[in-house]
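Here the structure is laid out as structure tokens; the discussion comes afterwards.
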Amino acid sequence: MALENQKFRDKQAQLNATDQLTFKDRLSSLSNLPRFFKLVWQTSKGLTIANCALRIARSATPVATLYIGKLIIDEIIRISHTHGSASHTHLWTLVAAEFALAIISDALTRAITLMDSLLGDLFSNHTSVKIMEHAATLDLDQFENSTFYDKLERARQQTTGRTALLSQVLSQVQDLITMVFLAAGLLAFNPWLILLLLIAIIPAFLGESYFNDRSYVLSRRQTPQRRELDYMRYIGASDETAKEVKLFDLSSFLIQRFQTLANRFYTDNKQLSIRRSAWGTFFAMLGSAGYYGAYVFIIVRAISGSITIGDVTFLAGSFRQLRTLLEGILIRFTSVSQGAVYLTDFFDFFTIKPHITQPAKPLPFPNPIKEGFIFENVGFKYSNSSKWANRHLSFTLHPNEKLALVGENGAGKTTLVKLLARLYDPTEGRILLDGIDLREYDLKELRINIGVIFQDFIRYQMSVAQNIAVGHIREQNDRPLIVSSAEQSLAHPMIETLPEKYDQALGRRFNQGVELSGGEWQKIALARAYMKDAQLLILDEPTAALDARAEYEVFQRFADLTKGKSAVLISHRFSTVRMADRILVLDKGQLLEIGSHEELLAKNGRYAELFHLQAMGYR
């Protein structure tokens, strides 16, 4: 454990050396604010205008309250010198005015808080939608990159973490307006008080800036480990992992790993918090010394008769509020610039561009396909990997042909079908459709005409109907099509036994949800393939969780479904594979053999070897 902690500290030291924030960095980050306010404006124009108007009105109330208070005290003293014989009408008018101002000030504060809350919620929703919209445009291989996930996670955090930035910036403007009124009185009395105020406040501002920078660096550095912490928290208490956690007695292992990471975060945050608190106390003492120095100076002037008691209350109150406001503005400036730095994480996510894009002049997908798909020396390599997932692939998938892919795990079968569906683009070579590069076709039409069900299909925590409709979400309200798809995948009889039938919620995450067996989920997933009239169907291990009888029935129906269409099938069951017109055998990402079941058996090569090995298990 000591060695592990030392390695972690060494890594932190390296990151510390390369991930420092300078004052210049924070100033430059303020350039993010116009883009930020553009997003706020797009979120709600009405609430943004109302918020600004309320804050402008609220900025004038502090100085008005102090001045009326001065007038009240001076009026009380005047009346007392006349032994109560003077009229009290003006005094009570002033008291009523101060009371009305207090009510107005409180109402404005509450209205501003309400506007901030409403606008913050809408902004969080608006930016979350924008992240999902942009994520939908990105490539599959980008989602398989850990660096990308760090950026995505930081962008997600900004959808809620940055809503306070709007309030902070508007509060700056509000407080600056208030300070103009308050400072005018102090300047008229003695300009040196303003200088004393600055000397008392600036050290606190510099200290707060420093510790905000340390907090940002620490938060950014912890992003990968924090994702791991969240993952440990999830798998340690989840319905999806509970079975294996119990069977393999993983609880202690997961808890220990969670505690190790959590303790690291606690130690780092504790050290920073202690230092921040200690220096904060020191700077607060400086600020208090500055205030009371000014207070003594004002009192001395009052004793000498240079100013009235009302002036004392006004000036002391103005200095106290100016100190609080200026301190708040300087510290908030650090927070605003810090928030703007965090906004960089948000906007950086939107600078990520997909490589798989719509062509400038997209061609319509051919209907029907005439020549088929042709792989010409196709190779694919994952980013940040030196190993080829597929290499030197050259073959043709003819129109209406059923092609099966066979090979050991890691042979590149799933990668090949992802290339065919243009979830990836080849690193080398090209894929042609009817003699034209696949990249020239309309991307949306391509996806509509290719139906894919992967082995690791998603079990959506939604209703049965919605789970099936994801195969062609545009038809989510076509209940007859959904039912027909379920009938063809053999899921319908099982669905009819559920309490709410097609409206039954699946999964245990929400109330009244029902969990299905692996085979039942697979039938639901297969129904998605029947939702759209695709010209090419790709099934990746579609019957892995089905028993032999169900598998036979599924493929009898699948044979009917694919009449007049092309199909690619990945399966480890040779009883399924032999139904294909041709079989393509992959080894380490390369094409080893291709031919019909009988032709490959006659060659007595890898396919024949694998076939006989599997057949021995049934003897």
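The values are calculated or read from the model by the stated rules, or taken from the named source; none is laboratory data. Predicted model only: the values in this text are computed from it and were never measured. Don't worry about glycine lacking a Cβ; one is built from the backbone with ideal geometry, like all the others, and counts go over all protein chains shown.
In the range 87-124, which residues are in contact with a helix residue (DSSP H, G or I) (Cβ under 8 Å, 6 or more places away or on another chain) and polar (S, T, N, Q)?
SER105, THR109, SER124
Would you point out which residue out of PHE319, PHE347 is touching a residue at least 40 places away in the same chain (Cβ under 8 Å) and touching a Lys or Arg at 6+ places or on another chain (Cβ under 9 Å)?
Answer to the check: PHE347.
Could you figure out which of (1) assigned by TED's automatic domain parsing to the domain that holds PRO191; (2) surrounded by fewer than 15 Cβ atoms within 10 Å (Cβ to Cβ) isn't true of ASP311?
Unmet for ASP311, out of (1) assigned by TED's automatic domain parsing to the domain that holds PRO191; (2) surrounded by fewer than 15 Cβ atoms within 10 Å (Cβ to Cβ): (2).
Kindly check whether there is at least one residue in the range 324-333 that is of a type in the set (Phe, Trp, Tyr) and within 17 Å of the chain's Cα centre (by Cα).
Among the residues of the range 324-333, not one is of a type in the set (Phe, Trp, Tyr) and within 17 Å of the chain's Cα centre (by Cα), which makes the answer no.
Has the range 488-502 got at least one residue that is in contact with a strand residue (DSSP E or B) (Cβ under 7 Å, 6 or more places away or on another chain), outside any helix (DSSP H, G or I) and of a type in the set (A, V, I, L, M, F, W, C)?
Looking for residues that are in contact with a strand residue (DSSP E or B) (Cβ under 7 Å, 6 or more places away or on another chain), outside any helix (DSSP H, G or I) and of a type in the set (A, V, I, L, M, F, W, C), one finds at least one in the range 488-502, hence yes.
Which residues, taken from the range 455-477, are hydrophobic (A, V, I, L, M, F, W, C) and either under 25 Å from the mean Cα position of the chain (by Cα) or not assigned by TED's automatic domain parsing to the domain that holds ALA525 (or both)?
Of everything in the range 455-477, those that are hydrophobic (A, V, I, L, M, F, W, C) and either under 25 Å from the mean Cα position of the chain (by Cα) or not assigned by TED's automatic domain parsing to the domain that holds ALA525 (or both) turn out to be PHE457, ILE458, MET462, VAL470, ILE473.
Based on what the data block shows, is THR427 touching a residue at least 12 places away in the same chain (Cβ under 8 Å) and in the same structural domain as LEU536 (by TED's automatic domain parsing)?
Yes: the conditions hold for THR427.
Would it be correct to say that ARG332 is buried (at least 18 other Cβ atoms within 10 Å of the Cβ), modelled with pLDDT under 75 and not small (Gly, Ala, Ser)?
Considered against the rule, which asks whether it is buried (at least 18 other Cβ atoms within 10 Å of the Cβ), modelled with pLDDT under 75 and not small (Gly, Ala, Ser), ARG332 comes out as no.
Go through the range 419-466 and count every residue that is closer than 15 Å to LYS532 by Cβ and among the polar types (S, T, N, Q).
Total meeting the criteria: 1.
Consider ARG528 carefully, then state whether it is of a type in the set (D, E, K, R), surrounded by 19 or more Cβ atoms within 10 Å (Cβ to Cβ) and at pLDDT 85 or above.
In short, yes.
Please work out which residue is farthest from LYS38 (Cα to Cα), limiting yourself to the range 99-128 and to residues that are polar (S, T, N, Q) and surrounded by fewer than 18 Cβ atoms within 10 Å (Cβ to Cβ).
That would be SER105.
As an exercise: evaluate PRO426 against (1) of a type outside the set (A, V, I, L, M); (2) in a loop (DSSP other than H, G, I, E, B); (3) within 26 Å of HIS612 (Cα to Cα); (4) at pLDDT 90 or above and give the number of the one condition it does not meet.
(3) is the only condition that PRO426 fails.
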